[in-house]
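Okay, structure first, notes after.
The values are calculated or read from the model by the stated rules, or taken from the named source; none is laboratory data. All values derive from a computational prediction rather than experimental measurement. As a convention, Cβ positions derive from the backbone with ideal geometry for all residues, glycine included, and neighbour counts pool all protein chains shown. The accessibility values were calculated without ligands, DNA or RNA, using every heavy atom of the protein model including side chains. Shrake-Rupley method; radii C 1.70, N 1.55, O 1.52, S 1.80 Å.
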Amino acid sequence: MAVTYCFSRLATALVAVLLLSFGSVAASHVEVTVENFLRVLTGRIPPSTPRSKRLLSDDRSNILIYMTGHGGNGFLKFQDSEEITNIELADAFEQMWQKRRYNELLFIIDTCQGASMYERFYSPNIMALASSQVGEDSLSHQPDPAIGVHLMDRYTFYVLEFLEEINPASQTNMNDLFQVCPKSLCVSTPGHRTDLFQRDPKNVLITDFFGSVRKVEITTETINLQQGSEIMESSYKEDQMDEEAMEPLKYAEQLPVAQIIHQKPKLKDWHPPGGFILGLWALIIMVFFKTYGIKHMKFIF
């Protein structure tokens, strides 16, 4: 299950989206500070913090962090009042790795000189993308004449356009995401970093971070949940012997999601509308009158 963690923002503040394995968290723009953001990532939060505001991840969680806003060489602004640096972010990711709070992490940032924000990363299993190189600006897209401001950045616009075509069974990989916004569209030069990531990007599906259909293993065995170590141990041994005797289990076939989503609707049987039939009868009667006259009307009724 893919869940969204969203830091909302005002016009020039921060938006961060984390897709996790568990939990759903939302914070208002008042709570979006550098300290709170780092505390949520590293798990350094008070015990009284409700589950709805915790990052409930573990060493099996794939995490997506998407950040956008005003930034510069090595920093990103929060609420136009404070900044987070690339060093602080890199150290936070290292703490997450040491605490086993993620399996793989995808970091995407859309800001001026965005590539500078992942230069200091040093933790394993991190893949990073940025909308611009050091020394470049990230430009806006789609101005709204009614309010006089731009509603979205160029890189975010084309990434969103790309993701809207992805379905749960898609085989699109990260190399395709790298090519989403070339310089001819973004004006800036998007960049990415994959040296810390253990897998080849061409083997990493987009759905590994943006949600997917998980395989389910079907078992016919009964699991004994009774308390007592002796009962549990004997039950485990019996189950183990049964497993050796049985044929190896296979993954159940998933629904053909891609075919279901993209299949064409079934064609309905065509029936002429009521007005068409009425008009056709009127035409027949008019032709009959013109040909034979009203004297032959008695042969019709």
How much length, in nm to one decimal, is gained on full extension between Ile284 and Asp59, taken as 0.36 nm per residue of separation minus their Cα-Cα distance?
73.2 nm
Which length gain, in nm to one decimal place, applies between Asn224 and Thr291 when the Cα-Cα distance is subtracted from 0.36 nm times their residue separation?
15.1 nm
For Ile45, Ile63, Ile147, Ile284, give the ranking by accessible area with the largest first, probe 1.4 Å.
Ile147, Ile284, Ile45, Ile63
Checking the a/c ratio against 1.5 first, then a/b against b/c, what shape does the Cα gyration tensor give for region 28-67?
oblate
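Starting from the Kirkwood radius over alpha-carbon pairs of region 38-126, derive D by Stokes-Einstein at 25 °C in a medium of 0.890 mPa s and give it in µm² s⁻¹.
Estimated via Stokes-Einstein, D reaches 179 µm²/s.
Keeping every protein chain in place, order Leu64, Leu196, Leu160 by accessible area at 1.4 Å, biggest value first, i.e. largest first.
Leu160, Leu196, Leu64
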Label point distance in nm, Glu88-Gln142, each placed 7 Å from Cα along Cα→Cβ:
3.0
Percent of accessible area on region 79-191 owned by carbon and sulfur, 1.4 Å probe?
49
Accessible area, 1.4 Å probe, largest first: how do Lys99, Lys290 sort?
Lys290, Lys99
Shape category assigned to region 61-204 from the gyration tensor of Cα positions, a/c cut at 1.5
oblate
Result for region 110-200: accessible area per residue, probe 1.4 angstrom, in square angstrom, of 50
Enumerate the residues in region 71-112 having an amide nitrogen under 13 Å from the point lying 7 Å beyond the Cα of His150 toward its Cβ.
71, 110-112
